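Encoded as structure tokens, the structure appears first; notes follow it.
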Amino acid sequence: MSILENYRIPPTVCPLCGATADCASIDCKREPKPGDIVICIECSSVNQFNQALALTRLSIKVLTELRANNPKFNRDLTKKLEALRLARGWGKQ
């Protein structure tokens with residue numbers, strides 16, 4: 001797994017849980033950009049940055065299509081969600 005870089009973003013709110021975020025961690029050496037898919041660190045919802053880098057909820061339909069049509073995306077997302085779950089103590093390590 002690659003090392004994550006942290007970047008400041010304009011304060012934004014998770015559309016699912018309402019948690020405020022002002023930074024994003026990304027595993028490719030570039031700043032976050034509109035269209036990037038991100039996971040809320042508080043509730044694990046899968047969201048996407050809009051043009052203003054505000055979080056928008058990714059629809060189940062779009063997420064399902066992404067996972068079905070892009071095996072690498074699916075593997076990476078699954079690994080990141082599992083790592084977040086384990087870090088919270090939500091499962092056996």
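Observations, loosely collected:
- Amide H contacts for Val38 (H built 1.01 Å from N in the peptide plane; partners 5 or more residues away or on another chain; cut-off under 5 Å): Asn47, Gln48, Phe49.
- Working note: 222 nm ellipticity from helices only, DSSP H runs with n ≥ 4, each -39,500 (n - 2.57), summed and divided by the residues of the chain, gives -9500 deg cm²/dmol to the nearest 500.
- Interchain or long-range residues, amide H under 5 Å from Ile9's placed H: Cys23, Ala24
- Taking the convex hull of Cα positions in the stretch 5-87, its mean projected area over all directions (nm²): 5.3 nm²
- If the convex hull is drawn through the Cα atoms of the stretch 45-93, its volume per residue in Å³: 98 Å³
- Here the 3J(HN,Hα) profile of the stretch 24-31, calculated from phi with Karplus coefficients 6.51, -1.76 and 1.60 at θ = phi - 60°, is 9, 9, 9, 9, 10, 6, 7, 6 Hz, Gly and Pro shown as x.
- Taking 4.7 Å between C-beta atoms as the pairing limit, the chain has these partnerless cysteines: Cys23, Cys28.
Each reported figure results from applying straightforward, stated rules to the coordinates on display, with no laboratory input. Because the structure is predicted, anything quoted here is derived from the model rather than measured. Counting neighbours? That spans all protein chains shown, and the Cβs are built from the backbone with ideal geometry, glycine included.
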